[in-house]
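In what follows, a single structure is set out as structure tokens and then discussed.
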Amino acid sequence: MDKKIFTVALVGNPNTGKSTVFNALTGLKQHTGNWTGKTVGNAIGNFKYKDTAFDIVDLPGIYSINPTSPDEKEATDYLKENKPDVVVIVADATCLERNLILILQITELCHNVVLCVNLIDEAKRKNIYIDTKKLSYELGIDVISTNARNKKGLEKLKETIYKNTVKIFTKINSSENKIFKNKKDNYEKNLNSTISNAEKIYRLSVKTDCCYTCGIDRKIDNIVLSRKAGIPLMLLMLSIILWITIFGANYPSHALSTFFTFAEKKLADFFTYINMPAFIHGIFVDGIFRTLAWIVAVMLPPMAIFFPLFTFFEDLGLLPRIAFNLDKFFKNAKTHGKQVLTMCMGLGCNAAGVTACRIIDSPRERLIAIITNNFIPCNGRFPGIIAISSIFIAGTGVLASLKVSIVVLASIIFAIFITLIVSKILSSTILKGMPSSFILELPPYRKPELKKIIVRSIFDRTLFVLGRAVAVAAPIGAVIWILQNTFIGGNSVLSYLSDFLDPFAHIMGLDGVILAAFIIGIPANEIVIPLIIMFYLKNPSLVPFEDTKELSELLIANNWTIKTAVCTILFSLNHFPCSTTLLTIKKETGGLKWPAITFLIHTSVGIFICITANLFMSIFI
Amino acid sequence: MDLLITLDKVPLNVPVKIVSIKSEFSNKKRLTELGFTENCEIIPVHISPLGDPTAYCIRGTIIALRKEDAENIIIMPKEV
């Protein structure tokens, strides 16, 4: 009997701190965000209490047991099909009234329910007093109040979960009938009686003199959501994040590349020492190792800075407010305001952005968000945009890094603009339809926990994205080396490719080398610039550039002008998604149709924009 | 005098009471689950910088709705 592992499911409204409770119970650093639908996919962990093992599943936030969106369906399907031994409902003590609707629904659906009233300290600060005994009596289930951030009430919660598993054995047979008794009942009729029940229980067990209109959140929102300051503040925030990322990443990137150059030399010495054949040496040292070293040195520092900053604003509760401020644009494009949240995620990684589209209820609007996500430049594309703009646009001087930030910011605004236009075109062509209803909850502001943000964003995002990039970069490193070192009639295979592409690339304001680099760089956008350098130098392997001055001389020697720079930046913003993103789209849409359409849309938009920009600049510059 | 007006017409910070929701089933269901029910008090608290949507305070939570959705919610003034 004691060998059995019990399953515990965590459910609750979005933004109640389910993931924080999950982390506190398991010690696993699972990501928690302060916006609806953060837990995309189920996180699983485990803990032990008194020699009993528990598997614990963190389900996506839901508003009801009758799902509306894909991530809600995931949660309710789990409850109905997997029948966890104990269901822990995590509720937000600061808005218990609304939470009670779901609580009541779940107590009807499942047996062995425990209510965890979380954020109890925040409620106290807001003068909300909850009588947990009364609540427990009215609901007929165990109620524990916790503050998961400082682990308050956690032991009590574990003990209660444990006690509830003991109950299973005494009433396992009688409970079967109770589950799903509501399945065929009239949902709407039930819902209304559930809500009046919730109101009654709320009145009986909660005392408060607090309201949103008199609290601090209102004062902050009066600025953040205001007509005058709202949008400028968001742009300022974005600029600060980007500026810190760009400026801060320079030094660690440099240090890493110095270290890798040293390591590569040692590795090369070792290969020479053991008399390794030249082609194996080439593939492993000049191909795989150098490509990997490049990607780590270029990607790691900006991501290690960007993701914690992004997570900080996310946990604070600002992202849904960005969606609120910008929704009108999306309404005009006949799409959903939540698309902006998936775009923010796309700034970090487009594959992650595509997955995040599950928070959008309507299938039509979700598909549009998925298709257009790649228009938002991800972290992998920033280093290239930054390098090119610092050479050709920013120049040198004290204001250089500021100018680079402005170029990057302008790129993002341009990307948002393109996203909206393409969304609108899709809405009136292949994905016709009217905008569905827009219902967005603005969660209370929460104080982010710095230490946890850093740990979480490094492990869950930075290392995750880096790991995936490294996984594709290693084989491509070998392939590039082979292509560059396989000669037919005195020329490498790569040079045939770039010669072939050259005439068309010139119409786009690029050259054959740049276009070939984008095509070969499909597994990872990060290697596009190093590929270009490698081709120009006719070097057999990737060349890390030591400083922008060297790079600048190399590019100018290969006939780069401001036109080439602008067109390359534009094509970097608008081109086919990387292979990881395409695979994610296939997974999310269940077929090859939408990844293919996405590929075609992005490629043709990129070609169109580059040709137009090139023509325009040829006339006026 | 007809006292029934729709939610989108309510000025900021004026508390009103919900009379009924005219939306089609799936929207109505979602709104009801969020606590939009008959006789429930609701206060418009913020308008987006671009004029739409509007954020409402209901049952201690803040929910933003577009004008089109607010038009389907019939309200009446809260009795003084």
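General remarks:
- Selection within the stretch B:6-41: residues that are outside any loop (DSSP other than H, G, I, E, B) and small (Gly, Ala, Ser). The member of this set that is farthest from the other protein chains (Cβ to nearest Cβ) is B:Ser20.
- Condition met for B:Ile74 (touching a helix residue (DSSP H, G or I) at 6+ places or on another chain (Cβ under 9 Å), more than 10 Å from chain A (Cβ to nearest Cβ) and closer than 23 Å to A:Lys200 by Cβ): no
- Pairs, first free of Cβ contacts under 8 Å to residues at least 60 places away in the same chain in the stretch B:3-20, second in a helix (DSSP H, G or I), C-beta under 8 Å, six or more apart: B:Asn13/A:Thr213; B:Ile18/B:Leu7
- Pair list, Cβ under 8 Å, 6 or more apart: the stretch A:227-246 residue assigned by TED's automatic domain parsing to the domain that holds A:Ile413, other residue part of a helix (DSSP H, G or I) and of a type in the set (Ser, Thr, Tyr): A:Ser239/A:Ser405; A:Leu242/A:Ser405; A:Trp243/A:Ser401; A:Trp243/A:Ser405; A:Ile246/A:Ser401; A:Ile246/A:Ser405
- Scanning the stretch A:540-551 for residues that are within 16 Å of A:Ser257 (Cβ to Cβ) and modelled with pLDDT under 80 returns A:Ser541, A:Leu542, A:Val543, A:Pro544, A:Phe545, A:Glu546, A:Asp547, A:Thr548, A:Lys549, A:Glu550.
- One residue from A:Glu588, A:Glu526 being under 26 Å from A:Arg366 (Cβ atoms) and modelled with pLDDT under 90: A:Glu588
- Contact map, the stretch A:352-377: residues that are over 22 Å from A:Phe464 (Cβ atoms) and touching a residue at least 24 places away in the same chain (Cβ under 8 Å) paired with residues that are of a type in the set (Val, Ile, Thr) and buried (at least 23 other Cβ atoms within 10 Å of the Cβ), Cβ distance under 6 Å, separation 6+ or inter-chain. Pairs shown: A:Glu365/A:Thr335; A:Arg366/A:Ile360; A:Ile368/A:Thr335; A:Ile371/A:Thr598; A:Thr372/A:Thr419; A:Phe375/A:Thr419.
- Residue check, A:Val340 within 13 Å of chain B (Cβ to nearest Cβ) and assigned to a helix (DSSP H, G or I): yes
- Just one residue in the set A:Ile56, A:Ile62, A:Ile89, A:Ile103 is within 21 Å of A:Lys163 (Cα to Cα), surrounded by 20 or more Cβ atoms within 10 Å (Cβ to Cβ) and free of Cβ contacts under 8 Å to residues at least 60 places away in the same chain; that residue is A:Ile56.
- The lone exception for A:Leu235 - which of (1) outside any helix (DSSP H, G or I); (2) under 24 Å from the mean Cα position of the chain (by Cα) it fails: (1)
- Residues within the stretch B:40-76 that are touching a Lys or Arg at 6+ places or on another chain (Cβ under 6 Å), farther than 23 Å from A:Asn13 by Cα and of a type outside the set (A, V, I, L, M), tallied: 3
- Checked against (1) away from chain B (no Cβ under 14 Å); (2) in contact with a His (Cβ under 8 Å, 6 or more places away or on another chain), A:Ser436 passes all but condition (1).
- Within the stretch A:115-127, the only residue that satisfies the criterion of being in contact (Cβ under 8 Å) with a residue 24 or more places away in the chain, farther than 12 Å from A:Asn150 by Cβ and surrounded by fewer than 20 Cβ atoms within 10 Å (Cβ to Cβ) is A:Asn127.
- Filtered residues of the stretch A:311-337 (kept if away from every other protein chain (no Cβ under 14 Å), crowded, with 24+ Cβ neighbours inside 10 Å and not acidic (Asp, Glu)): A:Thr311
- Within the stretch B:42-59, one or more residues are within 20 Å of A:Lys331 (Cα to Cα), under 12 Å from the mean Cα position of the chain (by Cα), at the interface with chain A (Cβ under 8 Å from one of its Cβ atoms) and in contact (Cβ under 8 Å) with a residue 12 or more places away in the chain.
- Looking only at the stretch A:78-114, and only at residues there that are of a type in the set (A, V, I, L, M) and outside any helix (DSSP H, G or I), the one that is farthest from the other protein chains (Cβ to nearest Cβ): A:Val86
The values are calculated or read from the model by the stated rules, or taken from the named source; none is laboratory data. The model shown is predicted, which means the values in this text are computed figures rather than measured ones. Note that we place each Cβ from the backbone using ideal geometry, even for glycine, and neighbour counts take in every protein chain shown.
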